[in-house]
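Remarks on the structure that follows.
What follows is calculated from the coordinates using simple rules that are stated; it is not laboratory data. All figures in this text were calculated on a predicted structure; none of them were measured in a lab. Glycine also receives a Cβ, built like all others from the backbone with ideal geometry; neighbour counts cover every protein chain displayed.
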Amino acid sequence: MRAFLPGDRLKSLLTALGTHMDVVAPQLVEGAVVFASWKGQEIALQENSLLPPLEFLLPQRDVLFRYTQDSGRYSFVEPSAKFRLIFGIRSCDLCAVAALDKIFGSAPADHPYFDKRRSTVLVALNCTRPGENCFCSSSGSGPECQDLFDLLLTEIRDGYLAETGSPAGIMILKEHPDLFLDAQESHLAEKRDVLRNANSALPVREERSAANVRVAMEKADWDALGLQCLNCGSCTFVCPVCHCFSIFDAGVPDGERLRCRDTCLLSGFSRMAGGANPRISQGERLHNWYLDKFEYIPQKTGLAGCVGCGRCSRVCLAQMDRWSLEVGR
Amino acid sequence: MSQYIPVPVEIVDIDIESPNTYLITLEVPEEVHFSYKPGQFVMVSVFGLGECPISITSSPTRKALQLCIRRAGRITNGIMDSRVGDVLGMRGPFGNGFPLEQMQKNILIAGGGSGFATLRSLVNYIVDRRSAFGDVAVAYGARTARDLYFMQEYEGWQKAGIDVGITVDIGDESWKGNVGLVTGLLDKLRLSKGSAAICGPPIMINSVADKLMEKGFARCDIYVSMERHMKCGVGKCEHCMIGPHHACQDGPVFSYDKVKSVL
């Protein structure tokens, strides 16, 4: 199903949807684009956010369950996910969600992840404004959204072309006949034009394709790269595919078992209680990160482990050339 | 229900195995139907401290579920500071266990230090199903005689026709047995070519595997139980990655040819 949403009705649509679910949309917070709960703020579509909307599927502070103790006996209560709509998720981040669905879906499927995933409506946005570090066309993950969205919007002149991808998307169109207009052939032609322009605006970065990164990995001097890397883990916290986590307890005798994001680039990640550490050097950990992205995840899921969002390059304080893997200094 | 929610289990017995290691017996609620294989592990929680992976040291052929806990960190300290009657959390069992259906009838079991805890499950399983196995030998080494686990069981194993060799790294006047490496025991034991199950420090695993291959064991017949840091037990958190494998789901038991490069 297709429809046209005039640009000045976007806020009305989100306001209407916000009456029965938590609407998350990109907005400016202290000058930066951030996916956050939307309460009528200006929507910021000028660039993709530095932090991916993964926060709403694998939160930094995810309560797995609450435990309460009564005379030495424990009982557990699981939180249930709230209904949520993520507006403005782009192709790279959708491809990341596809990979995470497979990773968290491998048996036994991760219940807390899918509880949130099933309660989340994805209103995607075809990416017509690629950032300077983006290379989704070279990694095969954009700029056009292919799959997984409930509703897909393309920003065209005077508004958005809306295309449905699931029953939830169809419901959004059907429940708001006052906001949507019929889509015209001209809207479709405009969509083709803006996507063609977006594609040509994206720099061709063949050296960043998975096949070429794998060649670079063969030649890389991991010890030297390990010395250049500052071991900060920033690249993993902004990556929409990275999903390492830790589990810990907060509270005695009653409290919460939490999981929080962790990163395989930190030395404590694989260290065992006795002190032995199978990946003792930063070079080994960096190599393992690349192997996971460019070999293990593609082998296991059939999908890309790197979705070309370029966020890791944006945050790298060591200014590593993450794709040629040549040592910079 | 989420796989992260543990089952409350009560500590019903605590034995001291060595100065820093306790053998705890747990009672699992009947409605849980807990069943496991030798070589599998559970995630044990002390509420308020967190959760850690512990290999099951009892055999599924016996009623009592036992874990061997060595003081190694915050959570094992918390478990060891618990008393009979206290409640812990438990999830699992996780992992593949020893592939008994693929293993040959002749089995050598070699353990070093606390790595022997998971192998005791296999030894007692063999004792209880003795006719299903051929020549079985156990080679076990600890740092000192005080660090040896399960001393009261060796005689029973020998009575079941298992050749048992024990060694310590550092002997003293009270120790009349072998002093030296586990590898040294392999020349003294009655070894028949077959499968091997090894758990211990990497250096010990490599030297035992090398010696066994010299003696004609095939690399793919040598099974190693790998220790790794773990958080989830269900192959998601990525702490226990060994190449493309997750030790918690694809392991912890791997054939030696799969893990040789990381040992």
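Model label points for A:Lys300 and B:Lys260, set 7 angstrom from Cα along the Cα-to-Cβ axis, are 2.5 nm apart. Hydrophobic long helices, here whole DSSP H runs in chain A with Kyte-Doolittle means of at least 0.5 and Cα atoms spread over 15 Å or more along the helix axis, are found at A:91-105. Full extension of the chain segment joining B:Ala64 with B:Ile5 gains 19.0 nm, where the gain is 0.36 nm per residue of separation less the Cα-Cα distance.
Going from the residue with the fewest nearby Cβ atoms within 10 Å to the one with the most, A:Arg90, B:Arg91, A:Arg73 rank A:Arg73, B:Arg91, A:Arg90. Here B:Leu191, B:Leu108 are placed in order of increasing Cβ neighbour count within 10 Å, fewest first, which gives B:Leu191, B:Leu108.
By the count of neighbouring beta-carbon atoms within 10 Å, fewest first, A:Met320, B:Met80 end up ordered B:Met80, A:Met320.
Farthest towards the positive end of the charge dipole of the protein assembly as shown, among the residues A:Cys229, A:Gly169, B:Ala72, is the Cα of B:Ala72, using unit charges on the Cβ of Lys, Arg, Asp and Glu.
Legend: mean number of C-beta atoms from other chains within 10 angstrom of residue C-beta atoms, peptide B:50-63, equals 1. Specify which residue in the list A:Phe83, A:Gly251, B:Thr183 is farthest towards the positive end of the charge dipole of the protein assembly as shown, using unit charges on the beta carbon of Lys, Arg (+1) and Asp, Glu (-1), about the Cα centre. Working it through, the farthest residue towards the positive pole turns out to be B:Thr183. Placing a pseudo-label 7 Å from each Cα along the Cα-to-Cβ vector at A:Gln46 and A:Ser166 gives an inter-label distance of 3.2 nm. The range B:70-108 and the range A:61-138 have Cα centres spaced 31 Å apart. Calculated FRET efficiency, A:Asp221 to A:Gln60, Cβ-Cβ distance, R0 = 41 Å: about 0.75 to the nearest 0.05. Entry note, the range B:7-94: relative contact order of 38 percent, from Cα contacts under 8 Å with a spacing of 6+ residues. What FRET efficiency comes out for A:Ala16 versus A:Arg192 if R0 is 22 angstrom and r is the Cβ-Cβ distance? Round to the nearest 0.05. My answer for the efficiency is 0.15. Remark: the range A:2-206 carries a charge dipole of roughly 360 debye about the Cα centre, counting +1 on each Lys and Arg Cβ and -1 on each Asp and Glu Cβ. Its relative contact order, with pairs defined as Cα atoms under 8 Å and 6+ residues apart, puts the range A:57-122 at 39 percent.
Per-residue mean of foreign Cβ neighbours for A:241-248 is 5 (Cβ atoms of other chains, 10 Å radius). Karplus-derived 3J(HN,Hα) values for the range B:99-115, using 6.51 cos²θ - 1.76 cosθ + 1.60 with θ = phi - 60°, are x, 4, 6, 9, 7, 7, 6, 7, 10, 9, 10, 10, x, x, x, 5, x Hz; glycine and proline are entered as x.
Rounded to the nearest 20 debye, the dipole size of the protein assembly as shown about its Cα centre is 740 debye, using +1 on the Cβ of Lys and Arg and -1 on the Cβ of Asp and Glu. For the protein assembly as shown, adding -39500 (n - 2.57) for each run of n ≥ 4 DSSP H residues and dividing by the number of residues yields -7000 deg cm²/dmol at 222 nm. Rounded to the nearest 20 debye, the dipole magnitude of the range A:150-236 is 300 debye, with +1 charges on Lys and Arg beta carbons, -1 on Asp and Glu beta carbons, and the Cα centre as origin. As a length-normalised measure over Cα pairs under 8 Å and 6 or more apart, the relative contact order of chain B settles at 18 percent. Between A:Thr154, A:Val97, A:Gln184, whose Cα lies farthest towards the positive end of the dipole of chain A when Lys and Arg beta carbons carry +1 and Asp and Glu beta carbons carry -1, centred on the Cα centre? Result: A:Val97, furthest along the dipole toward the positive end. Net charge in the neighbourhood of B:Ala218 (other residues with Cβ under 15 Å of its Cβ; Lys, Arg +1, Asp, Glu -1) is +3. Taking Lys and Arg as +1 and Asp and Glu as -1, the other residues whose beta-carbon sits under 12 Å from that of B:Asp257 total +2.
Centroid-to-centroid, using Cα positions, the range A:196-269 and the range B:181-253 are 30 Å apart. Using the Cβ-Cβ distance between B:Asp187 and A:Cys260 with R0 set to 51 Å, the FRET efficiency works out to roughly 0.50.
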